[in-house]
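Here is the structure we will look at.
The values are calculated or read from the model by the stated rules, or taken from the named source; none is laboratory data. All figures in this text were calculated on a predicted structure; none of them were measured in a lab. Every residue, glycine as well, gets a Cβ built from its backbone with ideal geometry; the counts of neighbours run over all protein chains shown. Please note that ligands, DNA and RNA were not included when accessible areas were found on the heavy atoms of the full protein model with its side chains. Shrake-Rupley method; radii C 1.70, N 1.55, O 1.52, S 1.80 Å.
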Amino acid sequence: IARESHGRVRLGTIGRSNEGRPLRLASVGRGRTRLLFVTQQHGDEPLGTPAAVRALWALGVPNTAWHRWLRDRVTLDVVVQANPDGAVRDQRYNHDPTATGEFAEPGVGYDINRFHNPLTPIEDNPVPESRAVLRHWHATHPRVVIDYHMQGRYLQPDGRETTASMLWPTSPLAPAAAVTSSRRLAVHNYDAATRAGANVSRYPGGDYEGIARNAYGILGSASLLVELSDLPADQVELQIRTAYASMMATARGAADGSLWRADPARADTIAERGPALPGSPSTMHRADAA
């Protein structure tokens, strides 16, 4: 993609994993409004990553007047596969056999998405992958942060199967302005995902400040969690398209300002996620994914 874009998609790293793998960053655009997408903090939740690759191609390779207009207005950074050590093992955690304490699996590693706490000095954070994302945030101050995950299988209140869930910051430490902008972001993404064919619910997440969704809201960004349901193989393409639609709509909305015109009150109309789908083998595995 970087080659085909003639340099419009720029490649770099924001650090290295605990095992020394590069934490890859891909960037497109040079506009004043900065966006940050993070994929695969949990190594066994992969589908945000191919969606991000598609979005980078779609925004960086074509060079029409519209694409140049958008790239003049936004800068999109994507942390592509934030947990490469977990990804190669198909596991939730990073790889750190010395991991101890809360949000760790002894002998396995740390849950990266519990270590973005903005109240903890970065140098005291034991998770290199989280430290790298935090440092990148402080270096760039993105207006928008979206974190892409996967969940188990659940039913909608109307009996349909949930295919995606979303949630904005719920920590009481998040400033009201950031929560409002995050709710606008959620509504904008809800509409885009629904148009792409998704059945979207509200994710039942907690208020712990170390979760990226909360942490970057506390820091002042419009912050959103997007969870793709772990559907059968014949529906994987739908899930990738859902995340891709979210990414593209966010970039367009940030460029033309429509992202900030969504009614934040509509976020409350997003249906709460229903019960687990009976017999789903992944439900217990991903029940508290983010």
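Taking +1 at the Cβ of each Lys and Arg and -1 at the Cβ of each Asp and Glu, which of A2, V80, N63 sits farthest along the dipole of region 1-124 towards its positive end, judged by Cα position relative to the Cα centre?
Projecting each Cα onto the dipole axis, the largest value belongs to N63.
Report the Cα-based extents of region 110-177 along its three principal axes, largest first, to the nearest Å.
On the principal axes, region 110-177 reaches 47, 31, 21 Å in Cα extent.
Can you list the DSSP H helices in the chain whose Cα atoms extend at least 20 Å along the helix axis and whose mean Kyte-Doolittle hydropathy is -1.0 or higher? Walk me through the numbers on the way to the answer.
Working: long enough: 176-195 (29 Å, -0.25); 236-256 (30 Å, 0.18).
Within the chain the helices that satisfy the rule are 176-195, 236-256.
Under 5 Å between amide H atoms, partner at least 5 residues away or on a different chain: which partners does T75 have, H built in plane at 1.01 Å?
Distant-sequence amide H within range of T75: G31, T33, R34, L35.
Keeping every protein chain present and rolling a 1.4 Å probe, give me the accessible area per residue for region 68-219 in Å².
With all protein chains present, region 68-219 gives 37 Å² per residue.
Bin all alpha-carbon pair distances of region 194-236 at 5 Å intervals from 0 and give each bin's fraction as a whole percent.
P(r) over region 194-236, rounded to whole percents: 5, 18, 21, 19, 15, 13, 8, 2.
Give me log10 I(q)/I(0) at q = 0.23, 0.25, 0.27 Å⁻¹ for region 175-247, Debye formula, one equal scatterer per alpha-carbon, no solvent.
Treating every Cα as an identical point scatterer, log10 I(q)/I(0) equals -1.04, -1.13, -1.21.
Only Lys, Arg, Asp and Glu count, each charged at its Cβ (+1, +1, -1, -1), so figure out the dipole size of region 132-278 about its Cα centre, rounded to 20 debye.
For this selection, approximately 360 debye.
Cα centroids of region 126-154 and region 191-232: how far apart, whole angstrom?
Using only Cα atoms, the two centres lie 12 Å from each other.
Give, as a single signed number, the net charge of other residues whose beta carbon lies under 14 Å from the beta carbon of G20, with Lys and Arg counted +1 and Asp and Glu -1.
Here the count lands on -1.
Non-local amide H neighbours of L167 (under 5 Å, H modeled in plane, Pro and chain starts lacking H): which ones?
Y203, L225
Computing the accessible area with a 1.4 Å probe over protein heavy atoms, can you report the carbon and sulfur percentage for the chain? Intermediate values should be presented prior to the final figure.
Numbers: 6010 of 11590 Å².
After summing per-atom areas, the C and S share lands at 52 percent.
Long-range amide H contacts for G15: which residues qualify at under 5 Å (H placed 1.01 Å from N, peptide plane, sequence gap of 5 or more or a different chain)?
Distant-sequence amide H within range of G15: L23.
According to a simple spin-label model (label point 7 Å from Cα along Cα-to-Cβ), what is the distance in nm between D90 and T194?
Result for the modelled spin labels: 3.6 nm.
I'm checking a number: the convex hull volume of the Cα atoms of region 92-216, normalised per residue, in Å³. What is it? Before the final figure, lay out each step's value.
Working: hull volume 15.9 nm³, N = 125.
Enclosed volume per residue, from the Cα hull, is 127 Å³.
Calculate the all-directions average of the projected area of region 1-121's alpha-carbon convex hull, and give it in nm².
If you wrap the Cα atoms of region 1-121 in a convex hull and average its projections, you get 8.3 nm².
Can you give the calculated 222 nm mean residue ellipticity of the chain, where each DSSP H run of n ≥ 4 adds -39,500 (n - 2.57) and the sum is split over every residue, rounded to the nearest 500 deg cm²/dmol?
-10000 deg cm²/dmol
Computed from the coordinates I sent, Cα extents along the principal axes in Å equals one of (1) 72, 51, 27; (2) 52, 46, 40; (3) 70, 66, 45. Tell me the label.
So the calculated entry is the one marked (2).
Could you point to the residue in S171, G101, A265 farthest towards the positive end of the chain's charge dipole, with +1 and -1 charges on the Cβ of Lys/Arg and Asp/Glu respectively?
The listed residue farthest towards the positive side: A265.
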